[in-house]
Amino acid sequence: MTMTFFIKISSLTAAFYMCLIQLYYRTPDGTTSNDIQQKIQLSVPEFRHPGIINSQSSLTYVASENKPNLTNSLIDYIKAAQISTEYPEVVYVKASGSTPTEGQMRKDADLAYAYALKWVQTGAAKDAEQTIAILNGWSGNFKCYDVVEGTKIVQAQLEAAWVAPTFTAAAEIIRHYKFKGVAGAGWSNDDIIQFSKFLSNLRDNYINLLVKDVDAGKRQNNWGTSAGYAKMAMGVFLDNQADYEDGMRIIRKLLPVVIKTSGEVYELCSRDCHHPQYSMTGLTYAAEIARIQGDESIFLADSKRIKVGWEWIQSAFSGKVGCRDCSTQSVFPGVEVAAAYYNESFAIKALARLQRPYTVTSDHTFAGFTTYTHWRK
């Protein structure tokens, strides 16, 4: 009878115990994901805030511009989105597909970011409050990932690397943006501490394991670039120089691996049109974070390898790459950020023009609305 009980233990109970193990996972220095400072340092001179994809000056510029078509694309997205009222403790992950909880988490990250950008435009308390509600909902309830049958737990590492930067980009705006000279949107320090624990959970139990794989010679593709970008983003929000530098190390390590000197981007010829754009968007967003922090080295690294990669992607979308024609596929929003930096590149600008305005990716894997935040004509 006792043996039968343990054999038939429910998947929910199994997930609960997995959460307990993960929450007390010990990192190499002996700390756990619960060892978070009880006071958040609100001003650390090493980082510029806001500093994740957007800066104070770029957001202020966007808010002051009269671009009703772009503003409407943001507002229309918000109006069409479903507002979550419950936030699960366990998010179930499925490889090459999705689950309701997985889909909700990705969509909520995008929606939090959309509301944060709308608050920059309106200064309305209700917009900030909606962002805060989503951030608090996930950080106050989420415990861990689990997988459905047939999916390996490593898929959860990629899921964490996808959602963490988008949640963090929204949180960075709400915490630090100065609307008409006033910093922050009323997000309490206790809530910020709670959100920081949420990020630490994603980092310690998922993203760091992905980084470890990269260093072991595995996941040197869109998985690895997503992890590097995520660690850089979280490093800025947490004012954690070690996280930021580790993320940059991974990005610099993978840049010449993912993009060949010819410009060919790994996975396009061997796989499809969107996985290489995961890599390109992760690399480009990481480069933009570094640029905001005063460092353009990723954009310039390896003979402007990111520029060469996007130009090769443009060739694929023009039907000029023999291995694959991407002309009927979706362009990812990272191209708009690349076009803003490499303004001299006619190829990248031509690629960006194909599908404006860029809102969110269809699978909700990377922060969007880049036409709204980065297009300067």
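The values are calculated or read from the model by the stated rules, or taken from the named source; none is laboratory data. In this text the structure is predicted, and so the values were computed from the model without any measurement. In this analysis, Cβ positions are derived from the backbone assuming ideal geometry, glycine residues included, and neighbour counts consider all displayed protein chains. Side chains included, ligands, DNA and RNA excluded: accessible areas come from the protein's heavy atoms. Shrake-Rupley method; radii C 1.70, N 1.55, O 1.52, S 1.80 Å.
Among the listed residues Thr85, Thr99, identify the single one that is polar (S, T, N, Q) and either at pLDDT below 90 or under 29 Å from Thr281 (Cβ atoms) (or both). It would help to see each step written out before you state the result.
Working: Thr85 fails: either at pLDDT below 90 or under 29 Å from Thr281 (Cβ atoms) (or both).
Sole residue among the options that is polar (S, T, N, Q) and either at pLDDT below 90 or under 29 Å from Thr281 (Cβ atoms) (or both): Thr99.
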Of the criteria (1) closer than 19 Å to Val120 by Cα; (2) open to solvent by less than 10 Å² (accessible area, probe 1.4 Å), which one Gly224 fails: (1)
Residue tally, condition open to solvent by 80 Å² or more (accessible area, probe 1.4 Å) and free of Cβ contacts under 8 Å to residues at least 40 places away in the same chain, over region 55-71: 4
Count - residues of region 246-271 that are open to solvent by 30 Å² or more (accessible area, probe 1.4 Å) and over 14 Å from Thr225 (Cα atoms): 7
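Could you run through region 104-153 and say how many residues are among the charged types (D, E, K, R), free of Cβ contacts under 8 Å to residues at least 24 places away in the same chain, open to solvent by 20 Å² or more (accessible area, probe 1.4 Å) and under 18 Å from Tyr77 (Cα atoms)?
Initial filter on region 104-153 (among the charged types (D, E, K, R)): 106-108, 110, 118, 126-127, 129, 143, 146, 149, 152.
Subsequent filtering for residues that are free of Cβ contacts under 8 Å to residues at least 24 places away in the same chain retains 126-127, 149.
Adding the requirement that they be open to solvent by 20 Å² or more (accessible area, probe 1.4 Å) leaves 126, 149.
From what's left, under 18 Å from Tyr77 (Cα atoms): 126.
The number of residues fulfilling the criteria is 1.
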Matching residues in region 350-377 - criterion: being under 16 Å from Ala286 (Cα atoms), in a loop (DSSP other than H, G, I, E, B) and either at pLDDT below 95 or touching a Pro at 6+ places or on another chain (Cβ under 6 Å) (or both): Gly368
Filter result (part of a helix (DSSP H, G or I) and touching a strand residue (DSSP E or B) at 6+ places or on another chain (Cβ under 7 Å)) within region 68-119: Thr101, Glu102, Met105
Every residue from region 312-349 that is buried (at least 21 other Cβ atoms within 10 Å of the Cβ) and either of a type in the set (Asp, Glu) or not in a helix (DSSP H, G or I) (or both): Cys326, Val331, Phe332, Pro333, Glu336
